Amino acid sequence: MKVLIDTNVVLDVLAGREPHVKSSSAFLKLCGKKITGLIAASQTTDIFYIMCRGGKTEDEVKAVIRKLIDHIKVADVSAADVNAALNSDMPDYEDALLACSGKRHKADCIVTRNESDFKLSPIPAISPQAFLEKFFST
């Protein structure tokens, strides 16, 4: 199974955001072992920026991103993805770009805490908690 991971799930773990860190962390631990986790290349800049604004040094954040991509694959974002996102009915461009890249990379779903942001996504969205429940019930 190939799963695209929304930025908020990664940040829940990296920033220890309660009450989401537990389910997001449990989900991320499956990546690279039981499932193939993907983040879009464009997300790494968002993670870098947000973590630096949160008080981490650039070197600390680079180390965290290096560790993250040891377990999660980085999916490229193409010109076709940009055009598809610009022409998408999804209201948020960042989410649309993520969804279009995920579709091209044949992701089965997007794991996010903001499922409603992906109502118009070409691939379904599921929360980390719901993913864990579904994953461990089969």
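The values are calculated or read from the model by the stated rules, or taken from the named source; none is laboratory data. Computed from a predicted model, the values in this text were never measured in an experiment. As a convention, Cβ positions derive from the backbone with ideal geometry for all residues, glycine included, and neighbour counts pool all protein chains shown.
Points to keep in mind about this one:
For every residue, the table says whether it meets (1) modelled with pLDDT of 95 or more; (2) under 25 Å from Ala130 (Cα atoms); (3) in contact with a Pro (Cβ under 7 Å, 6 or more places away or on another chain).
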{"site": "Lys22", "(1), (2), (3)": "yes, yes, no"}
{"site": "Cys31", "(1), (2), (3)": "no, yes, no"}
{"site": "Ser42", "(1), (2), (3)": "no, no, no"}
{"site": "Ile72", "(1), (2), (3)": "yes, yes, no"}
{"site": "Leu86", "(1), (2), (3)": "yes, no, no"}
{"site": "Leu97", "(1), (2), (3)": "yes, yes, no"}
{"site": "Asp108", "(1), (2), (3)": "yes, yes, no"}
{"site": "Glu115", "(1), (2), (3)": "yes, yes, no"}
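- Scanning the range 17-34 for residues that are surrounded by fewer than 18 Cβ atoms within 10 Å (Cβ to Cβ) and either in a strand (DSSP E or B) or within 13 Å of the chain's Cα centre (by Cα) (or both) turns up just one, Ser25.
- Out of Asp70, Asp46, Asp108, one residue alone is among the charged types (D, E, K, R) and under 12 Å from the mean Cα position of the chain (by Cα). It is Asp46.
- Among the criteria (1) modelled with pLDDT of 95 or more; (2) hydrophobic (A, V, I, L, M, F, W, C); (3) crowded, with 19+ Cβ neighbours inside 10 Å, the one Leu14 does not fulfil is (1).
- Given (1) in contact (Cβ under 8 Å) with a residue 12 or more places away in the chain; (2) over 16 Å from Cys109 (Cβ atoms); (3) not polar (S, T, N, Q), number of the condition Val9 does not satisfy: (2)
- Selection within the range 95-130 - among the acidic types (Asp, Glu) and touching a strand residue (DSSP E or B) at 6+ places or on another chain (Cβ under 6 Å): Asp108, Glu115
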